[in-house]
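Data block below; observations after.
The values are calculated or read from the model by the stated rules, or taken from the named source; none is laboratory data. Bear in mind the structure is a predicted one, so any value in this text is a computation, not a measurement. Here the Cβ positions follow ideal geometry from the backbone for every residue, glycine too, while neighbour counts run over all protein chains shown.
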Amino acid sequence: MAKPIHSVIYIPGIGDTKTTFQEIAAKSWRFWGVRPHTFPMRWADQQPFEPKFQRLLAYIDDLLAQGHLVSLVGASAGATVALNAFAARPQIHGVVCIAGKVNRAHAIGAWYHQNASSFVESAYQAQDSVLSLTTGQRARISSRYAIVDVIVPRRDSIVPGAQNKTVIGIGHVPTIALQLTVGAPNHLRFLKRLPQNLTE
């Protein structure tokens with residue numbers, strides 16, 4: 001029996017209207033045996049979170065219906081929606097969060113409330129989503145964060161029960177860039193080595 005296609009959906013963070021570098025980096029993941037996709041949420045377009053979230057879920061559902069394994073990689077704000085999707089679709093194979101703002105939504109600054117309110121909605125929802133995840137689901141999450149990150153401190157990225165890992169990198173954007181490129185084989189290996197999810 002042929003192995004199923006392993007689709008890995010990359011979800012960028014704030015500023016996802018300019019994702020050329022991120023898309024090119026994600027496309028290179030095919031060399032590690034996965035089928036990469038990029039799904040920008042368009043955080044700053046002023047649309048509420050729920051319609052954006054439903055579009056992502058529909059995209060995931062389409063891949064699942066085709067028999068794919070589906071994993072998510074979310075960077076920064078994208079990590080919040082990756083966790084929300086995992087709570088809504090336990091069939092998802094695994095999740096990687098890169099410098100994800102998944103804790104302390106109350107500490108998100110005023111600029112984001114004014115310019116990317118859908119991210120704020122997603123961040124609050126993610127806190128509830130994490131609480132709803134089973135022990136088995138948490139074991140399918142790898143959260144990676146910088147040695148130093150003043151935008152998303154380490155404590156804001158830790159997911160209880162997940163593989164939480166400090167990676168080489170100083171600063172928010174440089175750490176994301178490194179994890180999309182030289183760090184990608186490591187987190188893709190994490191996803192590929194997960195046993196097949198019994199809910200798939």
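Just a few scattered comments:
- Taking (1) touching a Pro at 6+ places or on another chain (Cβ under 9 Å); (2) over 24 Å from F190 (Cα atoms); (3) surrounded by fewer than 20 Cβ atoms within 10 Å (Cβ to Cβ) in turn, S28 satisfies each apart from (2).
- Restricting attention to the stretch 8-24, the residues being surrounded by fewer than 21 Cβ atoms within 10 Å (Cβ to Cβ) and either under 12 Å from V73 (Cα atoms) or not hydroxyl-bearing (S, T, Y) (or both) number 6.
- Test: residue in the stretch 44-51 that is surrounded by 15 or more Cβ atoms within 10 Å (Cβ to Cβ), within 28 Å of V120 (Cα to Cα) and in contact with a Ser or Thr (Cβ under 9 Å, 6 or more places away or on another chain): yes
- Any chance A58 is farther than 24 Å from I151 by Cβ, exposed (fewer than 12 other Cβ atoms within 10 Å of the Cβ), modelled with pLDDT of 95 or more and among the small types (G, A, S): yes
- Boolean, V182 is in contact (Cβ under 8 Å) with a residue 60 or more places away in the chain, part of a loop (DSSP other than H, G, I, E, B) and more than 22 Å from L133 (Cα to Cα): no
- Segments classed as helices (runs of 4 or more DSSP H), wholly inside the stretch 2-91, with at least 1 members that are touching a Lys or Arg at 6+ places or on another chain (Cβ under 7 Å), at negative phi and in contact (Cβ under 8 Å) with a residue 40 or more places away in the chain: 49-65, 77-88
- Residues that are under 17 Å from the mean Cα position of the chain (by Cα), within 20 Å of Q127 (Cα to Cα) and among the β-branched types (V, I, T) within the stretch 57-113 comprise V73, T80, V81, I92, V95, V96, I98, V102, listed in sequence order.
- Of all positions in the stretch 110-119, at least one carries a residue that is closer than 22 Å to S71 by Cβ, in contact (Cβ under 8 Å) with a residue 24 or more places away in the chain and touching a helix residue (DSSP H, G or I) at 6+ places or on another chain (Cβ under 8 Å).
Rundown of residues vs (1) part of a helix (DSSP H, G or I); (2) under 30 Å from A110 (Cα atoms); (3) polar (S, T, N, Q); (4) out of contact with any His (no Cβ under 7 Å at 6 or more places or on another chain), yes/no style:
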residue: S142; (1), (2), (3), (4): no, yes, yes, no
residue: V152; (1), (2), (3), (4): no, yes, no, no
residue: V173; (1), (2), (3), (4): yes, yes, no, yes
residue: I176; (1), (2), (3), (4): yes, yes, no, yes
residue: Q196; (1), (2), (3), (4): no, no, yes, yes
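- Annotation note: of T175, T135, T166, the sole residue that is buried (at least 21 other Cβ atoms within 10 Å of the Cβ) and among the hydroxyl-bearing types (S, T, Y) is T175.
- Scanning the stretch 15-31 for residues that are in contact with a helix residue (DSSP H, G or I) (Cβ under 8 Å, 6 or more places away or on another chain) and either at pLDDT 95 or above or of a type in the set (G, A, S) (or both) turns up A25, A26, S28, W29.
- Matching entry among A99, A88 (being surrounded by 23 or more Cβ atoms within 10 Å (Cβ to Cβ), of a type in the set (A, V, I, L, M) and at pLDDT 95 or above): A99
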